[in-house]
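Read through the structure below, which is laid out as structure tokens, and then see the notes.
Since every read-out is calculated from the coordinates, none of them should be taken as a lab result. As the structure is a computational prediction, the values presented were derived from the model and not from experiment. Neighbour counts run over all protein chains shown; Cβ positions are idealised from the backbone, glycine included.
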Amino acid sequence: MSARGFAGLSARVPGPGDADFLAALYLSTRPDLGALPVPRAVVEGIARYQQALQREAYARACPQAEEWIVEDVQGPVGRLVLDRRPGELRVVDLSIAPRARRRGHARSVLLALQEEAGEGGQALALRVRADNAGARSLYAGLGFQALHDEGASRELRWRAPQKE
């Protein structure tokens with residue numbers, strides 16, 4: 001993917017000015033941290049530390065992964081981490097900010113990735129938390145198939161239908 005758009009959205013490489021957005025986005029994906037009975041500053045400190053650990057884990061597991069900020073006309077709405085592997089595009093992380101959820105942004109990103117994967121004869125793969133019913137429903141509606149269930153998460157794959 002390049003810095004092209006998809007269905008009213010655009011993508012760009014993150015810059016230094018995106019740190020606050022990315023920190024808030026990460027925290028929004030961790031309701032377990034928000035439920036801790038400690039001051040907000042402590043929660044934010046824990047989230048920053050865990051966000052750094054996540055970034056390091058992604059860099060080790062997917063050193064060639066691309067990170068993108070997804071934007072609409074009002075500014076940043078999400079983050080995509082995409083790893084291009086032989087025969088496969090892997091969505092390492094797709095997170096949408098709370099203000100932009102349920103507006104079709106994740107669907108638009110995934111449809112663009114399906115188009116790219118299909119044109120390249122590649123699969124599109126991702127992992128989803130088992131307790132994320134909304135995301136699982138979105139992926140099922142887009143034709144992703146479960147490869148295996150690992151308890152807390154499920155590995156999903158999409159492949160373009162074969163042309164006749």
- prompt: In deg cm²/dmol, rounded to 500, what helix-only [θ] at 222 nm does the chain give when every DSSP H run of at least 4 residues adds -39500 (n - 2.57) and the total is split over its residues?
  reply: -11500 deg cm²/dmol
query: Which one is right for this structure if log10 I(q)/I(0) by the Debye sum over Cα atoms at q = 0.10 Å⁻¹ is calculated from it: [x] -0.44; [y] -0.38; [z] -0.34?
result: [y]
Computed E for L36/D131 - FRET, C-beta separation, R0 30 angstrom, nearest 0.05: 0.95
query: Roughly speaking, what is the stretch gain from E66 to A52, that is 0.36 nm per residue apart minus the C-alpha to C-alpha distance, in nm to one decimal?
result: 3.4 nm
- request: Take the alpha-carbon centre of the stretch 88-112, take the same for the stretch 128-152, and report the distance between them in whole Å.
  value: 14 Å
query: Name the trypsin sites (Lys or Arg not before Pro) in the stretch 67-164 that are in a loop by DSSP and that have at most 11 other C-beta atoms within 10 Å, would you?
result: R102, K163
query: V77's amide H: which non-local residues (gap 5+, or another chain) put their own amide H closer than 5 Å, with H modeled 1.01 Å from N in plane and none for Pro or chain starts?
result: V70, E71, D72
message: Can you compute the charge dipole magnitude of the chain about its Cα centre, using +1 on each Lys and Arg Cβ and -1 on each Asp and Glu Cβ, nothing else charged? Give it in debye, rounded to the nearest 20.
response: 240 debye
query: Going 7 Å from the Cα of L147 in the Cα-to-Cβ direction, what parts of the stretch 41-63 have a backbone nitrogen less than 17 Å from that spot?
result: 61-63
query: Can you list the residues, at least 5 places off or on another chain, whose amide H is less than 5 Å from the amide H of V92, using H built in the peptide plane?
result: V81, L82, D83
task: Determine the relative contact order of the chain: mean sequence separation of Cα pairs under 8 Å and six or more apart, normalised by residue count, in whole percent.
output: 17 percent
query: From the phi of every residue in the stretch 141-153, what ³J(HN,Hα) in whole Hz does the Karplus formula 6.51 cos²θ - 1.76 cosθ + 1.60 yield, where θ is phi - 60° and glycine or proline is x?
result: x, 8, x, 5, 10, 6, 8, 6, 9, 10, x, 7, 9
statement: Here the stretch 52-63 yields Karplus 3J(HN,Hα) values (6.51, -1.76, 1.60; θ = phi - 60°; whole Hz; Gly and Pro given as x) of 5, 5, 4, 4, 5, 5, 4, 5, 6, 6, 9, x
